[in-house]
Amino acid sequence: MTDRVALAERLRRHFPWITLTTLTILVGFTDVNFLRPDNLLNLAADIVPLLIMAIGMTLVIYIGSIDLSSQSIANMATVLATIALPSAGVGAGVLVLAVGLAFGAVSGVVTTRLKVPSFISTLAVGGIALSVGQFASGQQALHMDAGQRLHAFGWMVGRTAGIPHELVVALLLVVVAWFIQGRMTAGRTFKAIGAGEPVAVSSGIRVERYKILAFALSGMFAAAAGLVFSVKLSGGSPTLAEGFLLPAIVAVLVGGTPLTGGVGGVINTVIGTMIVAVIRASMLYLNIPAMGQQIFFGLVLIVAIATTIDRSKMRIVK
Amino acid sequence: MKHGLVMDNIRKWVPFLVLLVLVLFFAAVNPHFLSLRNFARIAVSSSPALMVAVGATFVILMGSIDLSMEGTVAVCAVVFAMLLNRLGGSLAHMGWLAIPGAMIAGGVLGAVNGLIHVRLRIPSFMASLSMGFVGVGLSLLMTGGNRILIGDPLFRSLLTVRIMSFPLMAYAALGGLLVAWFIQGRTTIGRNFYAIGGGEDLARASGLNVGRVRVIGFVLAGVFFALGAVLAVARLGIAETETGTGFMFLSITSVVVGGTALAGGSGGVWNTLVGVLIVNVIGNGMVVVGLPDYLQDGVLGLLVITAVYLSMDRRGLSFAR
């Protein structure tokens with residue numbers, strides 16, 4: 001009996017990449033062109049902003065909380081980056097990241113110190129970010145000056161030896177997040193909090209501090225996602241990143257980081273994001289309209305949560 | 001102990017006092033705020049929000065949460081408009097069936113929410129959020145992204161006909177509120193919501209079928225979302241996916257600001273009325289005072305955090321997720 005449970009557990013850990021491979025092969029069967037390297041590279045480059053946002057979200061879900069403000073922070077970031085570009089150049093990027101970090105930290109403080117559940121605190125902070133974005137943009141779509149964009153962020157777009165630069169940026173951010181998660185005290189603490197917060201508190205870990213850090217990092221990654229997206233589209237608007245929240249959460253959960261936290265992590269989310277990308281692409285091949293996608297991803301989310309969630313941690317499900 | 005009771009009593013009236021202070025403040029800045037016409041305007045924007053927020057109240061009383069309203073309201077609005085136009089386009093003939101039709105749609109979506117939450121044992125905020133996304137997609141699929149216009153004069157009379165300078169929809173919402181009040185206070189299921197919110201372990205130990213009550217709570221919420229959807233359509237004469245936009249943040253804010261505790265067990269539909277009025281007075285007042293309306297989201301965000309902070313009983317709470 002225990003053997004079978006252990007086997008199921010071990011299988012579950014490999015489930016994400018098995019899903020990814022299966023899906024890729026299945027889509028490859030319907031259209032061989034899908035498997036061409038340049039197509040796959042394009043596909044990967046297209047989801048870079050989503051990947052960055054999902055990576056940040058992973059850290060928060062890893063500690064058993066949730067961040068619903070990512071999309072609004074990314075929206076705000078596109079606006080702020082576009083506005084700050086003429087005066088600050090590359091500094092616009094730094095500024096945007098700092099603002100994201102600050103908003104995330106506020107969510108963290110509200111969640112830990114004021115003991116407001118994270119889905120409410122991040123919803124509220126998201127509301128504030130939305131207001132800031134609308135206020136700063138005057139509710140208009142803004143455009144970046146082509147020369148300034150190229151000068152400050154030209155390194156982010158374009159290709160070297162066929163590899164899109166966004167992918168390199170994304171890879172760097174993944175490595176950073178992976179390093180934080182696996183090789184730093186913070187990351188180990190995140191795992192301890194996700195695995196069992198009361199135990200972490202009892203062991204004398206300053207849990208609140210680390211939770212705030214996780215939220216702050218999530219905010220920063222969301223802002224980075226917005227930055228990359230706005231450079232990519234050469235502009236910003238308070239609704240530019242609309243529709244990112246659902247696929248980002250799906251990517252984290254499908255990748256195998258459960259809502260209860262403690263297991264999974266950044267690399268899982270990379271796989272999860274690729275699964276989302278392949279599903280999206282396959283829907284294009286199957287001619288499923290965009291609105292069908294949302295229904296599908298909503299259902300996938302429910303299934304992913306239901307299969308990965310650790311019910312032993314929840315005595316009462318509210 | 002006595003001191004604690006006094007504090008509790010004061011705390012109970014805080015939302016109402018906040019509303020009063022807000023009204024006085026905006027009236028002081030701009031006397032036009034106090035005009036009957038402006039109050040009617042506030043009533044029109046509050047009516048759909050009140051129905052949606054009342055629905056959410058039942059779920060929050062149980063200590064769960066429903067974040068599906070954007071999707072559910074959109075689907076119900078579209079179902080209502082399609083049925084109405086299919087059934088002759090007027091409430092006068094067969095068209096009135098569109099209202100129960102929308103309520104059934106809302107109830108079904110609520111039941112799906114509740115069943116996913118209870119049977120799959122998924123936290124309600126995530127189950128309902130996912131279903132909200134599904135609902136938005138569903139409504140887009142049904143409309144193809146188009147708007148459905150409703151021209152029926154009888155239906156639009158909800159907005160156009162005024163009694164004592166308030167439109168009919170305000171009275172309709174008030175009627176809905178009274179029904180909700182009856183359910184909350186005078187029916188077994190209403191008392192059960194409080195029992196579960198106050199302490200699920202106790203409720204279960206006393207033999208209550210907690211799962212069933214939860215599902216019923218979500219169904220009830222869905223039905224009230226549908227009423228909100230019908231009033232929202234009446235307000236603009238248009239049914240589309242956008243009809244649901246903004247309701248999630250707005251209604252959760254209203255419930256929480258009104259003084260219903262997120263942990264469940266305390267508060268109720270009258271609190272929600274006060275909360276909805278606070279939110280809409282702020283929205284209306286900001287415009288009257290001359291501030292851009294999009295600052296609302298930010299102000300409401302701060303308000304939510306403050307309200308949850310003040311209302312939360314932190315004595316038994318070691319950490320928040």
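The values are calculated or read from the model by the stated rules, or taken from the named source; none is laboratory data. The structure displayed is predicted, hence computed values, not measured ones. No Cβ is skipped: glycine too gets one built from the backbone with ideal geometry, and neighbour counts run over all protein chains shown. Remember, those area values only see protein heavy atoms, side chains included, never the ligands or the DNA or RNA. Shrake-Rupley method; radii C 1.70, N 1.55, O 1.52, S 1.80 Å.
Of note:
- Every residue from segment A:155-197 that is more than 24 Å from A:LEU59 (Cα to Cα) and surrounded by fewer than 16 Cβ atoms within 10 Å (Cβ to Cβ): A:TRP155, A:GLY158, A:ARG159, A:THR160, A:ALA161, A:GLY162, A:ILE163
- Within segment A:137-154, being within 14 Å of another protein chain (Cβ to nearest Cβ), open to solvent by 50 Å² or more (accessible area, probe 1.4 Å) and free of Cβ contacts under 8 Å to residues at least 60 places away in the same chain holds for no residue.
- Among the residues of segment B:88-110, those identified as open to solvent by 60 Å² or more (accessible area, probe 1.4 Å) and at pLDDT below 95 are B:GLY88, B:ALA92, B:HIS93, B:MET94, B:TRP96, B:LEU97.
- Residue among A:VAL176, A:VAL157 that is without any contact (Cβ under 8 Å) to a residue 24 or more places away in the chain, aliphatic (A, V, I, L, M) and away from chain B (no Cβ under 13 Å): A:VAL176
- Taking (1) out of contact with any helix residue (DSSP H, G or I) (no Cβ under 6 Å at 6 or more places or on another chain); (2) open to solvent by 30 Å² or more (accessible area, probe 1.4 Å); (3) within 9 Å of chain B (Cβ to nearest Cβ) in turn, A:SER203 satisfies each apart from (3).
- Exclusive hit being part of a helix (DSSP H, G or I), open to solvent by less than 20 Å² (accessible area, probe 1.4 Å) and touching a strand residue (DSSP E or B) at 6+ places or on another chain (Cβ under 9 Å), set B:PHE39, B:PHE80, B:PHE58: B:PHE80
- Residues that are touching a Phe, Trp or Tyr at 6+ places or on another chain (Cβ under 6 Å) and assigned to a loop (DSSP other than H, G, I, E, B) within segment A:33-67 comprise A:ILE63, A:ILE66, listed in sequence order.
- Filter result for A:GLY262 (at pLDDT below 90, open to solvent by 10 Å² or more (accessible area, probe 1.4 Å) and on the phi > 0 side of the Ramachandran plot): no
- Matching residues in segment A:19-37 - criterion: being surrounded by fewer than 17 Cβ atoms within 10 Å (Cβ to Cβ) and farther than 17 Å from A:LEU284 by Cα: A:THR21, A:THR22, A:PRO37
- Hey, B:LEU50 farther than 22 Å from B:GLN184 by Cβ and out of contact with any strand residue (DSSP E or B) (no Cβ under 6 Å at 6 or more places or on another chain) or not: no
- If you go through segment A:254-311 and keep only what is free of Cβ contacts under 8 Å to residues at least 60 places away in the same chain, farther than 21 Å from B:PHE133 by Cα and not basic (Lys, Arg), you end up with just A:ASP310.
- Any hit, segment A:280-301, residues being touching a Pro at 6+ places or on another chain (Cβ under 7 Å), surrounded by 20 or more Cβ atoms within 10 Å (Cβ to Cβ) and either within 26 Å of A:PHE29 (Cα to Cα) or modelled with pLDDT under 90 (or both): yes
- Options A:VAL109, A:VAL125, A:VAL132, A:VAL96: the member that is surrounded by fewer than 20 Cβ atoms within 10 Å (Cβ to Cβ) and either away from chain B (no Cβ under 14 Å) or assigned to a helix (DSSP H, G or I) (or both): A:VAL109
- Count - residues of segment A:267-318 that are of a type in the set (Gly, Ala, Ser), out of contact with any Phe, Trp or Tyr (no Cβ under 9 Å at 6 or more places or on another chain) and either under 22 Å from A:ILE66 (Cβ atoms) or more than 7 Å from chain B (Cβ to nearest Cβ) (or both): 6
- Given (1) assigned to a helix (DSSP H, G or I); (2) open to solvent by 40 Å² or more (accessible area, probe 1.4 Å); (3) within 14 Å of chain B (Cβ to nearest Cβ); (4) not charged (D, E, K, R), number of the condition A:PHE215 does not satisfy: (2)
- B:MET62 being touching a residue at least 24 places away in the same chain (Cβ under 8 Å) and either under 30 Å from B:SER266 (Cβ atoms) or among the hydroxyl-bearing types (Ser, Thr, Tyr) (or both): yes
- Just so you know, in segment B:200-223 the residues that are away from chain A (no Cβ under 14 Å) and either open to solvent by 50 Å² or more (accessible area, probe 1.4 Å) or part of a loop (DSSP other than H, G, I, E, B) (or both) include one that is nearest to B:LEU178 (Cα to Cα), and it is B:ILE216.
- Entirely in segment B:224-318, the helices (runs of 4 or more DSSP H) that have 3 or more residues that are in contact with a Leu (Cβ under 8 Å, 6 or more places away or on another chain), within 9 Å of chain A (Cβ to nearest Cβ) and modelled with pLDDT under 90: B:296-311
- Boolean, A:VAL168 is assigned to a helix (DSSP H, G or I) and more than 7 Å from every other protein chain (Cβ to nearest Cβ): yes
- Filtered by the rule that a residue be assigned to a loop (DSSP other than H, G, I, E, B) and either open to solvent by less than 40 Å² (accessible area, probe 1.4 Å) or more than 8 Å from chain A (Cβ to nearest Cβ) (or both), segment B:115-154 gives B:ILE122, B:PRO123, B:GLY144, B:ASN146, B:ARG147, B:ILE150, B:GLY151, B:ASP152.
- Criterion violated by B:ILE183 - all others in (1) β-branched (Val, Ile, Thr); (2) under 30 Å from B:VAL213 (Cα atoms); (3) open to solvent by 60 Å² or more (accessible area, probe 1.4 Å) satisfied: (3)
- Which listed residue is in contact with a Cys (Cβ under 9 Å, 6 or more places away or on another chain) and touching a residue at least 40 places away in the same chain (Cβ under 8 Å), from B:GLY199, B:GLY244, B:GLY285, B:GLY258: B:GLY244
- Residues within segment A:38-85 that are within 17 Å of A:GLY104 (Cα to Cα) and among the small types (Gly, Ala, Ser), tallied: 9
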